[in-house]
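Have a look at the structure below before the remarks.
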Amino acid sequence: MKTPADFFQQLDNALYSLPKYDANFMAALPFYTVLQPFMENGPGWAFFTNEGIRPYFSAILKAYHDKLETPASLAYMNDSYGNWLSADAREYLSLDDYVYSPSAPHGGFKSWNEFFIRKFKNLDASRPLAPDPSGKAIISPVDGQVWKISKQVQREATFDIKGEQYYLTDLLNEPADSPLLRPFIDGLAVQIVLMPFNYHRWHSPVTGRIKKVRTVPGFFFAQPAPQQDYASSFPFLSHVNTRTVLFIESENPAIGEVAMVFVGLTEVSSCVATVKAGDLVQRGDEIGHFAFGGSTCCTLFDRSKIASLSITDSPELGDGGGGGSGEKLGNVVMVRQNIGLAL
């Protein structure tokens, strides 16, 4: 792209394109493909974090998502080679575990997004709810890779956010004196990253009552530049991107309060909670989902109430090492799997 006209033409092409199946998931992200070179430099940072620019990207992505809700979005939803229901895709995506009809047009899906947020045929078989004989076990709310575990979350930033730390006022979009923040000051944060081909529904990590749900409008395609690549900036993105924040008061006081931040990345700007304040949820219940694209979930706990974690943000330990403890830790997790235990 050599001129502004080239840039806008590429954006227009992305808007009228559809996600294509490719084992290299980045090939399925048309806007990221166009914008990624600009995300990695200072002028791009200034552009994507400009409040005057944000509404335009919001409108563009809304139009794109609206299109992905229509039957016209099903052009590649067939079993021809290289498409979403091909033999290769069925194996790679484990499609036979999900609700779909191989003999029906487009697999029985009515839109691309219906395919993207597809449900399991048998949730309890595909993602069994881990046993909890003590009543103190905490499960993963999503499928994905454990990206970062932080054991001392700060109330607010004392300097510019650089992407390495979590700050409650920005992350949860609450004032510094909000009582909702208190359980998480110096708390524990677990960030799990989902890729576009993961199961994209959210499930409650504990049994309890929903205290508050809100969706926070944020930026799109921002990343700390030029020092950090996109992947290493996930904690930063959790503070500034569009996200849904959900607070749960656990039924068991031993677990205490839990907060979850469901963050849209790249093409994702739709974070959809299906619960509301006052609802009672059981551990493992579905509570929402992401629309199209990659995404991440940051879960916060009162550190003083957590006895242990069975996960790690170290891929080396996740391959089976226990850091000398003899315990096998997980770096890749599945929803409804145990990830921690309260005291």
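Amide H contacts of F221: T266, each under 5 Å away and 5 or more positions distant or on a separate chain (H built 1.01 Å from N in the peptide plane; Pro and chain starts excluded). Once you place label points 7 Å from the Cα toward the Cβ at S314 and M195, how far apart are they in nm? So the two model labels end up 2.3 nm from each other. Mean separation of Cα pairs under 8 Å and 6 or more residues apart, divided by the residue count, gives the chain a relative contact order of 20 percent. Describe numerically, in nm with one decimal, the distance between label points set 7 Å from Cα along Cα→Cβ at K119 and at A104. For K119 paired with A104, the spin-label model returns 1.3 nm.
Other residues with beta-carbon under 15 Å from the beta-carbon of A14 carry, at +1 per Lys or Arg and -1 per Asp or Glu, a net charge of -1.
Under the simplified labelling scheme, the E286-K20 pair shows an inter-label distance of 3.1 nm, with each label point 7 Å from Cα along Cα→Cβ.
Radius of gyration over Kirkwood radius for the chain, both on Cα atoms: the Rg/Rh ratio is 0.96. Helical runs assigned H by DSSP (4 residues or longer) give the chain a calculated mean residue ellipticity at 222 nm of -5500 deg cm²/dmol, each run adding -39500 (n - 2.57) before division by the residue total. Distance from the Cα centroid of segment 186-207 to that of segment 244-276 is 9 Å (rounded to whole angstrom).
Computed over every Cα-Cα pair of segment 1-134 and binned at 5 Å starting from 0, the pair-distance distribution P(r) comes out as 2, 9, 14, 18, 15, 12, 10, 9, 7, 3, 1, 0, 0 percent. Within the shell defined by Cβ-Cβ distances under 11 Å, the residues around L194 carry a net charge of 0, with Lys and Arg each +1 and Asp and Glu each -1.
One equal scatterer on each Cα of segment 90-213, no solvent, Debye formula: the resulting log10 I(q)/I(0) at q = 0.11, 0.17, 0.21 Å⁻¹ is -0.58, -1.04, -1.26.
Pairs with C-alpha atoms separated by more than 20 Å, drawn from the list K121/K211; K276/K305; K67/K121; K136/K305; K148/K276; K67/K110, are K121/K211; K276/K305; K67/K121; K148/K276. Between D97 and K2, residue separation times 0.36 nm minus the direct Cα-Cα distance comes to 29.6 nm.
Summing charges over neighbours of L129, with a neighbour being any other residue whose Cβ is under 9 Å away from its Cβ, gives +1 when K and R count +1 and D and E count -1.
In whole angstrom, segment 1-76 maps to an equivalent ellipsoid with semi-axes of 23, 15, 12, each derived as √(5λ) from the alpha carbon gyration tensor and ordered largest first. Which residues make up the longest stretch of the chain clear of chymotrypsin sites (Phe, Trp or Tyr not before Pro) that lie in a DSSP loop with no more than 16 other Cβ atoms within 10 Å, not counting the sites? Answer from the scan: 160-343.
FYI, it's all coordinate maths here, none of it is from the lab. Just so it is clear, the model here is predicted, and its values are computed rather than measured. Every residue, glycine among them, receives a Cβ derived from its backbone with ideal geometry; neighbour counts consider all protein chains shown.
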